[in-house]
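Notes follow once the structure below has been shown.
The numbers here are math on the coordinates, done by the rules we state, and not lab data. Not measured: the values here are computed from a predicted model. With ideal geometry, Cβ positions are generated from the backbone for all residues, glycine too; neighbour counts draw on all protein chains shown.
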Amino acid sequence: SHIALDVETPLFARAYIIQDLEKQEKIAIVNCEICFFTPLLTQSVLAYIHKHYPEIGISDKNLMLSATHTHCSPAGFSAHPIYNVPVPGFIQSNLDTLVKGIVEAILIADKNKVKGNIAIGKAKFDKDVPVSFNRAIDAYNENPEVQKLPFEKRILATDKEMILLHFISQEGMPLGSINWFGVHTTNLPNNFMKLCSDNKGFAADYLEQDYKKQNPNYVSAFAN
């Protein structure tokens, strides 16, 4: 009975191709604004590429598919019945739309490869900055190495480190980034009836807009 009635934000698949020119090896990373990847979705993406675009050299050996874990994304793309119980069952058109969007993102990334460099950065918020909290503080307190914390101090029981991969062209133009920070993409309640990318999607859109003057095609993924 849980159905989407409207669209709060568009949902994106953001793809990256990293290629070693000496070895002629490459990997593809795709970050999607959906709740999770099912085996059926992964297999369908690979089958579509194998059938229609074998020349790009993407297979299960060099493709990483990840989801932001927003709870406000389409459902019905699993072959496991239990996942289709809260929603109107398996929906072929949803599966097809996700597959085509993911493959399109990979093709765009592959077409637009340029020589460049990859930088990695790390930084931490102060422990008491309320950007995340531990939702299972009792379980956290069972770890023998941690200082036991009361419920009202659960913002202290999280990893506040942020990691960023930054892709930069040889000319110094920013191309895109992949960000990892431990926060759940569940700012919206479970009775919210709109499709929405939630906090990681908002962050990605915000960073892309911020870089627009330097590169209108900047691709920013906030991964899980």
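Just in the stretch 129-210: which trypsin sites (Lys or Arg not before Pro) are loop by DSSP and have at most 16 other Cβ atoms within 10 Å? Please report the intermediate quantities before stating the final value.
Details: sites: Arg135, Lys148, Lys153, Arg154, Lys160, Lys194, Lys200; in loops: Arg135, Lys148, Lys160.
The qualifying sites are Arg135, Lys148.
Is the C-alpha gyration tensor of the stretch 103-224 telling us rounded, prolate or oblate? Criteria: a/c under 1.5 is rounded; beyond that, a/b larger than b/c is prolate, otherwise oblate. Before the final figure, lay out each step's value.
Working: a/c = 2.79, a/b = 1.80, b/c = 1.55.
In terms of gyration-tensor shape, prolate.
Enter the Cα centre distance for the pair the stretch 153-217 and the stretch 70-124, rounded to the nearest angstrom.
Computed from Cα coordinates, the inter-centre distance equals 16 Å.
Express the relative contact order of the stretch 103-186 as a whole percentage, based on alpha carbon pairs under 8 Å and six or more residues apart in sequence. Let's see the in-between values first.
On the way: 115 pairs, mean separation 28.5, N = 84.
Taking the mean separation of contacting Cα pairs over the length of the stretch 103-186, I get 34 percent.
Among 83-90, 36-43, how do they line up by average Cβ neighbours within 10 Å per residue, starting with the highest?
Details: 83-90: 13.5, 36-43: 16.1.
Final packing ranking: 36-43, 83-90.
Could you compute the longest span of the chain free of GluC sites (Glu not before Pro) located in DSSP loops and having at most 13 other Cβ atoms within 10 Å, not counting the site residues? Walk me through the numbers before you get to the answer.
Numbers: sites that count: Glu22, Glu142, Glu145, Glu171.
Free of exposed loop sites, the longest segment is 23-141.
Which value does Rg/Rh take for the chain over its C-alpha atoms, Rh per Kirkwood? Don't jump to the answer; show the numbers that get you there.
Details: Rg = 19.2 Å, Rh = 19.3 Å.
Over the Cα atoms of the chain, Rg/Rh equals 0.99.
Which one, Gly182, Pro54, Asn94, projects farthest toward the positive side of the charge dipole computed for the chain from Cβ point charges (K/R +1, D/E -1)?
Pro54
Given a cut-off of under 8 Å on Cα pairs at least six residues apart, what relative contact order in percent is computed for the stretch 1-148?
Values: 173 pairs, mean separation 36.9, N = 148.
Result for the stretch 1-148 is 25 percent.
Rank Asn191, Val45, Val7 by how far each Cα sits towards the positive end of the charge dipole of the chain (+1 on Lys, Arg Cβ; -1 on Asp, Glu Cβ) and give me just the farthest.
Checked the options; the winner is Val45.
Lys pairs in the stretch 94-210, Cα-Cα under 17 Å, at least 8 apart or on separate chains: how many? Walk me through the intermediate numbers first.
Details: Lys100/Lys111; Lys122/Lys160; Lys124/Lys160; Lys127/Lys148; Lys127/Lys153; Lys127/Lys160; Lys160/Lys200.
Lysine pair count for the stretch 94-210: 7.
Can you list the HN-Hα couplings for the stretch 12-22, worked out from phi with the Karplus curve (6.51, -1.76, 1.60; θ = phi - 60°), rounded to whole Hz and with x for Gly and Pro?
Residue by residue, the stretch 12-22 yields 10, 9, 10, 10, 9, 10, 10, 10, 8, 5, 5 Hz.
If you put +1 on each Lys and Arg Cβ and -1 on each Asp and Glu Cβ, how big is the dipole of the stretch 135-224 around its Cα centre, in Debye rounded to 20?
On the way: 9 positive and 11 negative charges, 46 e Å.
Dipole size: approximately 220 debye.
Work out the length of the dipole vector of the chain about its Cα centre, built from +1 on the beta-carbon of each Lys and Arg and -1 on the beta-carbon of each Asp and Glu, and round it to the nearest 20 debye.
Values: 21 positive and 24 negative charges, 36 e Å.
Here the chain has a charge dipole of around 180 debye.
Among DSSP beta bridges lying fully in the chain, give the percent that are antiparallel, nearest 5. Kindly include the intermediate steps, with their values, before the conclusion.
Details: 24 of 36 bridges.
Around 65 percent antiparallel, to the nearest 5.
Tabulate in residue order the Karplus-calculated ³J(HN,Hα) for the stretch 164-172, using 6.51 cos²θ - 1.76 cosθ + 1.60 with θ = phi - 60°, rounded to whole Hz; enter x for Gly and Pro.
Listing the rounded values in order: 9, 9, 10, 9, 10, 5, 4, 7, x Hz.
Quote the relative contact order of the stretch 67-224 in percent (integer), defining contacts as alpha-carbon pairs under 8 Å separated by 6+ residues.
Values: 225 pairs, mean separation 40.9, N = 158.
Taking the mean separation of contacting Cα pairs over the length of the stretch 67-224, I get 26 percent.
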